[in-house]
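Bear in mind these aren't lab numbers, they're just calculated from the coordinates by the rules spelled out. In this text, all values refer to a predicted model and were calculated from it rather than measured experimentally. Glycine also receives a Cβ, built like all others from the backbone with ideal geometry; neighbour counts cover every protein chain displayed.
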Amino acid sequence: MDLSVPSKENVIYMIDQMKDKLRMVNVDAMKSEHFNEANYEDLTYLYEMVMKRDSFSPSEMQAIVAELGSLRK
């Protein structure tokens, strides 16, 4: 999958991967259809950061969720 190309499919993929990695309890709050390509660069940056890490502190998790919330359409 080429994530350098903005597309709805790539947005869906990245959101789904982050949900799995973060083991989010409230997955309804992070539905892939709530995101679009308008913030693709920011979403890609956040995705790469999340996927590099093995674990997150509670404050990091809160910051990630807040950032995802700001990227929602």
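Listed values, structure above:
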{"read-out": "Any helices (runs of 4 or more DSSP H) falling wholly within the chain and containing at least 1 residues that are surrounded by 12 or more Cβ atoms within 10 Å (Cβ to Cβ) and of a type in the set (Lys, Arg)", "value": "8-22"}
{"read-out": "LEU46 touching a residue at least 40 places away in the same chain (Cβ under 8 Å) and hydrophobic (A, V, I, L, M, F, W, C)", "value": "no"}
{"read-out": "Output for region 32-65, where each listed residue is under 15 Å from GLU9 (Cβ atoms) and of a type outside the set (A, V, I, L, M)", "value": "SER32, GLU33, PHE35, ASN36, GLU37, TYR40, THR44, TYR47"}
